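Trainee: Have a look at this one before I ask anything.
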């Protein structure tokens with residue numbers, strides 16, 4: 001421990017001693033101090049009131065939204081604890097992510113620790129990072145939690161160099177302090193700070209904040225903003241309303257990456273912009289934006305019951321990742337053509353690529369979609385991509401509902417029903433049987449067999465049979481590197497068949 005660290009810890013603890021116990025008793029306070037120009041480390045103080053006994057402090061094993069054990073505790077350093085009189089408390093490691101602290105007397109406890117950014121994470125979407133002109137906080141990678149007090153309100157204060165500003169979806173008091181209702185809300189609220197560029201666009205009654213951590217190379221900003229408005233409008237039309245009135249996009253300029261990517265939160269997303277995206281940024285970012293925004297409904301507003309109470313210590317399994325991620329992928333594809341960002345003819349090519357990708361997965365025929373999201377936690381050799389597989393299943397399910405209705409209902413109808421259910425006060429997520437029930441109600445027909453074949457089943461899919469009567473020809477070539485599928489509308493498509501696809505691909509049909 002350095003002398004500077006000792007002085008900092010003692011000063012912080014003496015400050016705590018002057019605070020009212022009553023004011024501290026019902027919340028957890030975090031303070032983050034950063035000076036990236038001098039040190040690539042987050043200095044964190046956590047403070048709360050404790051009774052005599054043994055405290056359990058832990059760091060999440062993963063970032064909600066990622067199927068990946070990141071072991072964030074690996075990057076915690078110099079953890080110390082002090083009581084209200086600035087006396088050191090005994091700290092001992094219990095397991096890889098948990099510390100035990102012995103408290104002798106009731107009063108305020110201060111925990112001081114550092115976190116070094118995880119440089120092993122090349123995408124930095126589920127981890128925090130620092131650079132000379134700012135940084136980003138993904139809260140799961142930074143903030144310890146009290147195992148038995150996850151429901152306590154949170155306050156967070158950032159101490160940053162004076163030119164820097166902070167953007168977050170957390171409520172701010174305007175003086176540098178942010179608040180969250182509980183730990184889970186904190187983890188669903190990323191923060192960006194530094195020398196930021198920002199502009200706000202509106203669509204209907206929705207404000208969208210576009211925040212850039214660095215200036216981008218020249219691009220068509222007008223079309224960029226127009227595409228974002230189109231996507232917001234399209235997804236709002238589908239659901240009828242949004243679980244937010246303001247949405248924040250934290251853009252990270254990443255010239256070290258070729259392409260981009262993103263991760264969702266309830267009222268925000270983080271999006272990397274790679275150097276090759278700059279060739280046509282408005283189009284290249286649109287699919288990722290449409291996908292992550294759709295998660296504000298599918299994943300955040302309504303979600304599998306397995307995720308109703310997140311276990312921060314270990315894997316969080318669900319058999320519905322194909323629906324959470326893959327069906328979201330399907331709607332991202334639909335949104336691009338429904339908005340006109342891509343021509344409707346591109347839909348068949350995109351689905352051809354998705355089907356080809358899915359059918360060439362190592363686990364295809366041996367792993368079901370239902371199993372794929374569970375196995376993904378270990379990155380199995382015999383993997384099955386639930387993004388591609390779920391997009392294929394969502395596409396085929398949409399066709400089956402529209403056939404059964406016919407076209408009076410669709411997968412859109414199911415998505416709206418799931419969102420409506422999530423607005424009930426007693427909502428705790430949905431299970432597969434709830435999904436099947438809504439599908440059957442929308443189709444006015446029992447489609448449970450669809451789930452047996454394409455979600456729980458592992459067998460081949462006869463795409464030609466499923467699409468032939470809709471006027472779409474399916475080709476398949478077997479080549480050295482796998483199977484290549486192609487979907488194309490036939491020249492002899494009937495009026496009814498053209499109407500079917502027009503209703504599916506036109507934004508005007510979303511209210512059907």
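Trainee: Given 0.36 nm per residue, what is the gain on full extension from residue 494 to residue 462 after removing their alpha carbon distance, in nm? Please list the in-between numbers first.
Mentor: Details: separation 32, 0.36 × 32 = 11.52 nm, distance 2.20 nm.
Additional length available on full extension: 9.3 nm.
Trainee: Before anything else, pin down the relative contact order of the chain: Cα pairs under 8 Å, at least 6 apart, normalised by residue count, whole percent. Please report the intermediate quantities before stating the final value.
Mentor: Details: 999 pairs, mean separation 54.1, N = 512.
Computed value for the chain: 11 percent relative contact order.
Trainee: For residue 77 and residue 473, what is the calculated FRET efficiency with R₀ set at 60 Å and r taken between the beta-carbons, to the nearest 0.05?
Mentor: On the way: r = 60 Å, r/R0 = 1.01.
FRET efficiency, residue 77 to residue 473: 0.50.
Trainee: Would you calculate a helix-derived [θ] at 222 nm for the chain, using -39,500 (n - 2.57) for each DSSP H run of n ≥ 4 and dividing by the full residue count, to the nearest 500?
Mentor: Numbers: 15 runs with 155 residues, N = 512.
Calculated mean residue ellipticity at 222 nm is -9000 deg cm²/dmol.
Trainee: For region 434-474, restrict the atom set to alpha-carbon positions and state the Rg and Dmax in Å.
Mentor: Computed over the Cα atoms of region 434-474, radius of gyration and Dmax are 12.2, 33 Å.
Trainee: With a ≥ b ≥ c the root eigenvalues of the C-alpha gyration tensor of region 120-171, is it rounded (a/c under 1.5), prolate (a/b larger than b/c) or oblate? Before the final figure, lay out the partial values.
Mentor: On the way: a/c = 2.50, a/b = 1.32, b/c = 1.88.
The shape class here is oblate.
Trainee: Calculate how steeply helix 386-404 sits against the longest principal axis of the alpha-carbon atoms of the chain, using the helix alpha-carbon long axis, and give the answer as 0 to 90 degrees to the nearest 10.
Mentor: Helix 386-404 sits roughly 50 degrees off the main axis of the chain.
Trainee: Report, to the nearest 10°, how far helix 432-443 tilts away from the longest principal axis of the Cα atoms in the chain, using its own Cα long axis and a range of 0 to 90°.
Mentor: That helix lies at roughly 40 degrees to the long axis.
Trainee: Turning to a different aspect of this structure: Give, in nm to one decimal, the length gained when the segment between residue 207 and residue 93 is fully stretched (0.36 nm per residue of separation minus the Cα-Cα distance). Before the final figure, lay out each step's value.
Mentor: Working: separation 114, 0.36 × 114 = 41.04 nm, distance 4.53 nm.
Gain on extension, residue 207 to residue 93, equals 36.5 nm.
Trainee: Within region 367-404, list the residues whose amide N lies under 20 Å from a label point set 7 Å along Cα→Cβ of residue 311.
Mentor: 370-380
Trainee: Can you give the angle from 0 to 90° between the axis of helix 221-239 and the longest principal axis of the chain, with both taken from C-alpha atoms, to the nearest 10?
Mentor: The answer is roughly 80 degrees.
Trainee: Want the number for residue 226 to residue 100: 0.36 nm per residue separation, take away the alpha-carbon distance, what's left?
Mentor: Working: separation 126, 0.36 × 126 = 45.36 nm, distance 5.21 nm.
Gain in length upon complete extension: 40.1 nm.
Trainee: Okay, next question. Expressed as a rounded percentage, what relative contact order does region 181-221 have, with Cα pairs under 8 Å and six or more residues apart?
Mentor: Working: 30 pairs, mean separation 13.2, N = 41.
For region 181-221, the relative contact order is 32 percent.
Trainee: Take every DSSP beta bridge with both residues inside the chain and express the antiparallel ones as a percent of the total, to the nearest 5. Show your work: numbers first, answer last.
Mentor: Working: 68 of 90 bridges.
Of those bridges, close to 75 percent are antiparallel.
Trainee: Show me 364-374, 495-505, 393-403 ranked by packing, highest mean number of other Cβ atoms within 10 Å first.
Mentor: Details: 364-374: 19.8, 495-505: 15.3, 393-403: 22.2.
Final packing ranking: 393-403, 364-374, 495-505.
Trainee: Right, another one. Using the alpha carbon gyration tensor of region 297-511, what are the three equivalent-ellipsoid semi-axes (square root of 5 times each eigenvalue), largest first, in whole Å?
Mentor: Values: eigenvalues 149, 105, 45 Å².
Semi-axes from the Cα gyration tensor: 27, 23, 15 Å.
Only the coordinates and a few stated rules stand behind these numbers; no lab work does. If you're wondering where the values come from, they're calculated on a predicted model, not measured in any experiment. Note that each Cβ is placed from the backbone with ideal geometry, even for glycine, and that neighbours are counted across all protein chains shown.
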